[in-house]
Amino acid sequence: MKKNILALPGVLSLGLAVLISFSPLGLGQVQAAEAEVTEKTVFVKGMVCAFCAQGIERQFSDQPELEGINVDLPNHKVVLKFKPGQSMSDETIASLLEAAGYSVDASRTN
Amino acid sequence: MHKTFTQSFFILLLSMGLTRAQAHPTSFQGAWSLVNESSHMGRHTMFTYSHRYWLASALHYAYFPLEEEGLEYEMAAVGVNTLLKRWNRPTSQGNFYLSLAQGREFTQGLSGRPVSLVEVDLDWEDRRYYIATGYTRHFRQSFDSDSVGISDIEVKKLRMGFAPYLGEFTELNTWFIMQAMQVNQGSVELTPLLRFYYRNALWEIGSSLKGGGFLFNFMLHM
């Protein structure tokens, strides 16, 4: 039943319009908050397999500053996505990688 | 007895004939791992918990048919696995592991005898190529004078492989691997095998070139 209602033309767009209208943040504020999300790209020495990638993901997973982590295995790099207004020092990142058994490849940058 | 054990241990380290060439005796901190290798030559199952990426507690179970003694060797042991050295390079990694365990045999007629397990693993891989070697020894005969006719068990392994394509870790990765393995003084068996891994699971299937049987290994990190 619910599926059928959502399938009606205009119902989904009406729902979105209501959501935006009653949001405590205006649409502009939502966009601004999204724009504050920052990223850091770190090249990692020794990250060569899926288990390496999983270990690094696990190591960073409980860091409160992080919104998410993207492990790019073919390019041996990790992209850290921070919550709005949050960041992490290079030393902390290096320390977390070392605790996972890897090291920062300082010779490579974006 | 102690001298024999010490000598053998250092011979192991020096010989570098070096096995469980699947070689993940330790994993990332907090990881539980289940590793199983089985073929007609024997079986080794290991359950580990990694306290650090370089240190894990391990439970072992091993089974080998010993034709020369006319029996089927079985053992269970508890021990530690250590990553003694890791070489991290921009696009590759090398590892040197040492595993030690102490346990008991469950071999028929010899049940309850103490046994020590020593294993050395060395591997290197990048995303395209892989080489690993390992040496495992089950010390069965050094603990008392009543060990005539009981032999230690040695497993030597060498592996080389390559990946035909480079996948993301969220994709299925495939490797072609050739394994040479010898148990005690038996013949060296060559086994081509396929390795697959996807996220936290790895499995391998192969068949001995001698037609001696299938190989099935798996490794699961949790």
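The values are calculated or read from the model by the stated rules, or taken from the named source; none is laboratory data. Since the structure is predicted, the reported quantities are computational estimates derived from the model, not experimental observations. Cβ coordinates were reconstructed from backbone atoms using ideal geometry, including for glycine residues, and neighbour counts include every protein chain displayed. Protein only, heavy atoms only, side chains kept; ligands, DNA and RNA dropped before computing areas. Shrake-Rupley method; radii C 1.70, N 1.55, O 1.52, S 1.80 Å.
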(message) Suppose every Lys and Arg Cβ carries +1 and every Asp and Glu Cβ carries -1, with no other charges. What dipole size does the stretch B:2-221 come out with about its Cα centre, to the nearest 20 debye?
(response) 700 debye
(request) Taking each pair of different alpha-carbon atoms in the stretch B:2-221 once, compute 1/r for the pair, average those values, and report the inverse of that mean as the Kirkwood hydrodynamic radius in Å to one decimal. (result) 17.8 Å
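Would you please put B:79-86, B:117-124, B:45-52 in order of how densely packed they are, using the mean number of other Cβ atoms within 10 angstrom per residue and starting with the highest? Working shown, then result.
On the way: B:79-86: 17.8, B:117-124: 22.2, B:45-52: 19.2.
Order by mean packing, descending: B:117-124, B:45-52, B:79-86.
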(message) How large are Rg and Dmax for the stretch B:67-142 when calculated on the C-alpha trace, in angstrom?
(response) 16.5, 53
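What does the net charge come to around A:SER107 if you take all other residues with beta carbon closer than 12 Å to its beta carbon, with K and R at +1 and D and E at -1?
+2
Averaged over peptide A:52-60, how many Cβ atoms belonging to another chain are found within 10 Å of each residue's Cβ?
Details: counts 6, 5, 7, 9, 2, 3, 7, 4, 0.
That average works out to 5.
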(request) Might you tell me the accessible area per residue for the stretch B:2-221, computed with a 1.4 Å probe and given in Å²? (result) 44 Å²
(request) Return the Rg/Rh value of the stretch B:24-80, two decimal places, where both radii are evaluated on C-alpha atoms and Rh is the Kirkwood radius. (result) 1.10
(request) On a C-alpha basis, how far is the centre of the stretch A:62-96 from the centre of the stretch B:60-76 in Å? Whole number, if you could? (result) 48 Å
(request) Taking a probe of 1.4 Å and counting only protein heavy atoms, give the total accessible area buried between chains A and B in Å², rounded to the nearest 100. (result) 2200 Å²
